[in-house]
Every structure is written in C-alpha cells, then in structure tokens.
Amino acid sequence: MKLFFKTFGFVLFISLFISCGNADDDVDFDLNLGDGLGKGTEVDDCLGLEEGELVLSIQEQYTTLPGKVSIFFKVSDTNGNPVPGLTADQFTIYEQGRNDECFNTISTSESYARISPNSQIFNNNTLLVLDLSNSVLESGLEELKLASTSFVDNVMPDISEDSFKMAIYWFDGEDELHLLNELTSSKEELIASIDGITDDISTDLSTDLYGAVIKSTDIATDLIKETTSGGNIGAASVVIFTDGTDQASRYKKDTALEKVNEANANISFFSIGLGSEIDTEVLTEIGKTSSVFATNTDELEDTFNEISEKVSERANSFYLFEYCSPKRDGSGENNLAIEVNTGTKQGAVQTKFNADGFTGGCE
C-alpha cells in the first residue's frame, strides 16, 4: 500500500509537471527505469522491502534435480548503468511455499548459494565498427590501430572463451559493411587483423555512417537470434567509431536512429567520435548506451579505453545465481524472491519455481 501511494504521488507530480507548459517550452522528461524486470515481477509487499536503486532483470531460470534452482539475470541501476562484480554473499534468498503467509529467508551458506560461471548459458558478442574513410587513413590510422588494439585487449578475456567473441568491420563510402575479422574468441587473431590495416585499404573518399549503423545493427540482431536458443541467452555490443558525419547520403538519419532505438534490449550501442567535424548530437543518439568524443588523435586511446570499460562492465553485469532449495517434491509451485544489497544500493525481484522431483542433497 505504501508503494502504491508513492507511485500514485509520483505519477500525479509528473502529470502536473507536463501540463504546466506549452508545446514550445515543455521539458522532455524521460525517466529511465532500467531494462525492466524481464521474466520477474515486483516483490510482495509482505517482505517489507523498500524501493531500491538496483534493477534485477531475470533473463532465464530453470531447476536441476535433485534440488538446484538457477536464475540468470542482469543487474543495473535505475538509470540503466550496469552493476558488475557482485558476489553471492550480497544476495538474500526468500522462498514462500503453499503454507507460508509470507516469505522465509533461506540461508545462503546452508543452501550453497553461489555465483556460477555464466558462460554455460550466456553468449556475449561485440562488433567493433571502424570508419576507415580517407580522412582517417591519411591523418590518424596509426593512432586508430593503437586504440583499437587496446580496446580488443581490454574487452576480450586473456584466456579464450567460446562465450565471449568479437568481430571487426569497417566502412567508407561504399554501400557495404566490410568484414575485417570474423567473429572469434581469439584476442591474438583480432589484434593481428588490426595490425594488418594499411592506408590503401579503401579508395572511397565518402562516409556511409548511417549505412554502417543499420548493417551492424542487423548483424547484432541476427547474433542475438542465433545465440538465444536452447536455454542460452545472447547479448551483443555495437561499438562504432567515426571522425566525421554521414556524407554518402545512402540512408536517412531517421532510419538509422529508428533501427537503433527499436533494436533488441540486449544489444548495447556505443559510439566514439574524433575531431571537430563530427555531429555529437547524432553520435550520442547512435551510441545510446554510451558515447565519448576525442578532440584529436592523441586522445583516441583514452576514449577507446573508456568505452572498453563500459562494454566489459555490461557483459559482467549478467549473473547466474544458483542455490539448493529446501523445498521438496510435492510442494508444487513456490514463490522466490532475490534481494541484492551492496551496502549502498539495494534491489529485489520475484519469480516462481516448481519443486517437482526435488529430493535431499544438491550438486
């Protein structure tokens, strides 16, 4: 009930805020509440948990006999920023059976709660898309190669994992997104392909930025479809670098931005701009997850490193949380709530699981 009045009051405030103005001077008030709870729901009022600053979005869940419950989710704050680095001791588990008026706390130590390697069900792909038009090749190629190499080195695991892959594409003025290196888990292969870029790789002087955005989004969408099947979950990041604006005019700006805005929620978009000829407003819309800008080539590596950190944070904000439930065969469907508390921020989500076949013991 307390939550209802908070929500009602907030909605009333926003309604009054929007009504006090005209079409010419209204403020664009977009409240970003993260990516939602996914397959989860808000926790029951009986738990008495306050509204939190963290959002737990359940991507998938399943049970494994004799009694393991696995929940795969991502954690972000209410502004959509990823929250990596959480540990099992920061989670509290609550279960509610058919005879329980409210939820009972389950000991994380007695239930062997753990954060498991999510690679068994999670695939993360990154598309690095580089502007190799004439202006870059003539004045900033070596700096771009150095920055791109640093990006690969930061994002890709030191030990190759099939669940973490990257592909590198490039564009100029042609109506084609050129493949520099296909999707691979090999950091060495990616770095070698970057090292092999020469200043004669392109002969087209124009820049088909919007075409690159559209095509890379389509590739990421296909990757999500391919990797999200058979109990697996896929996520992708599109990272686009350019030192200018769209000159080719093959595609409309609105078409490119619409493609980004309507993309799968598990596709993140990042943009890196260089120099004074870029349109920062457009690049910010393209890089809706995060955008950075370098005024000159000396700043390129720092900006690429900044984005690489954000890409890594997003990939590492997906968690596979597992524990051994005390519920047993015959208890049927049970409610489950998971709370995370970092000491400064808190959030929770609720879901259900079926304990059919559950017996004593757990993996």
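Quick notes on this one:
- For segment 94-107, the criterion of a residue being modelled with pLDDT under 95, out of contact with any His (no Cβ under 8 Å at 6 or more places or on another chain) and more than 28 Å from Asp329 (Cβ to Cβ) is satisfied by no position.
- Count of segment 83-94 residues which are within 15 Å of the chain's Cα centre (by Cα) and within 20 Å of Gln61 (Cβ to Cβ): 1
- Of all the criteria given as (1) touching a residue at least 40 places away in the same chain (Cβ under 8 Å); (2) over 19 Å from the mean Cα position of the chain (by Cα), the one not satisfied by Ser237 is (2).
- Residue, nearest to Lys288 (Cα to Cα), within segment 85-109, restricted to residues that are in contact (Cβ under 8 Å) with a residue 12 or more places away in the chain and open to solvent by 50 Å² or more (accessible area, probe 1.4 Å): Gly85
- Among the residues listed as Ser308, Ser317, Ser325, the single one being of a type in the set (Ser, Thr, Tyr), in contact with a Lys or Arg (Cβ under 7 Å, 6 or more places away or on another chain) and open to solvent by less than 20 Å² (accessible area, probe 1.4 Å): Ser317
- Taking residues in segment 211-230 that are closer than 11 Å to Ala263 by Cα, and partners anywhere that are surrounded by fewer than 17 Cβ atoms within 10 Å (Cβ to Cβ), the pairs with Cβ atoms closer than 8 Å and at least 6 places apart or on different chains are Ile214/Thr255; Ala220/Asn264; Thr221/Asn264; Ile224/Asn264.
- Among residues of segment 190-220, those that are assigned to a helix (DSSP H, G or I) and either basic (Lys, Arg) or surrounded by fewer than 16 Cβ atoms within 10 Å (Cβ to Cβ) (or both), counted: 4
- Complete set of residues in segment 256-279 that are more than 18 Å from Lys225 (Cα to Cα) and either among the aliphatic types (A, V, I, L, M) or open to solvent by 70 Å² or more (accessible area, probe 1.4 Å) (or both): Ala256, Leu257, Glu258, Ile272, Leu274, Ser276, Glu277, Ile278
- Enumeration of residues in segment 131-169 that are over 16 Å from Thr295 (Cα atoms), assigned to a loop (DSSP other than H, G, I, E, B) and touching a residue at least 12 places away in the same chain (Cβ under 8 Å): Leu132, Ser133, Met156, Pro157, Asp158, Ser160, Glu161, Asp162, Ser163
- Total residues in segment 131-164, condition open to solvent by less than 50 Å² (accessible area, probe 1.4 Å), out of contact with any Lys or Arg (no Cβ under 7 Å at 6 or more places or on another chain) and of a type outside the set (S, T, N, Q): 13
- Residue in segment 247-257 that is at pLDDT below 95, assigned to a helix (DSSP H, G or I) and aliphatic (A, V, I, L, M) present: no
- Filtered residues of segment 110-130 (kept if open to solvent by less than 20 Å² (accessible area, probe 1.4 Å), in a strand (DSSP E or B) and of a type outside the set (Ser, Thr, Tyr)): Phe122, Asn124, Asn125, Leu127, Leu128, Val129, Leu130
- Check on Thr64, more than 17 Å from Glu339 (Cβ to Cβ) and either at pLDDT below 95 or among the aliphatic types (A, V, I, L, M) (or both): yes
- Being among the polar types (S, T, N, Q) and crowded, with 20+ Cβ neighbours inside 10 Å is not true of Thr184.
- Filter pass, Ala236 being in a loop (DSSP other than H, G, I, E, B), within 20 Å of Val311 (Cβ to Cβ) and out of contact with any His (no Cβ under 8 Å at 6 or more places or on another chain): no
- Selection of segment 278-337 for residues being assigned to a helix (DSSP H, G or I), over 18 Å from Leu144 (Cα atoms) and of a type in the set (Gly, Ala, Ser) yields Ser312, Ala315.
The values are calculated or read from the model by the stated rules, or taken from the named source; none is laboratory data. Computed from a predicted structure; not experimentally measured. We place every Cβ from the backbone using ideal geometry, glycine too, and count neighbours over all the protein chains shown. Heavy atoms of the whole protein, side chains included, go into the accessibility calculation; ligands, DNA and RNA do not. Shrake-Rupley method; radii C 1.70, N 1.55, O 1.52, S 1.80 Å.
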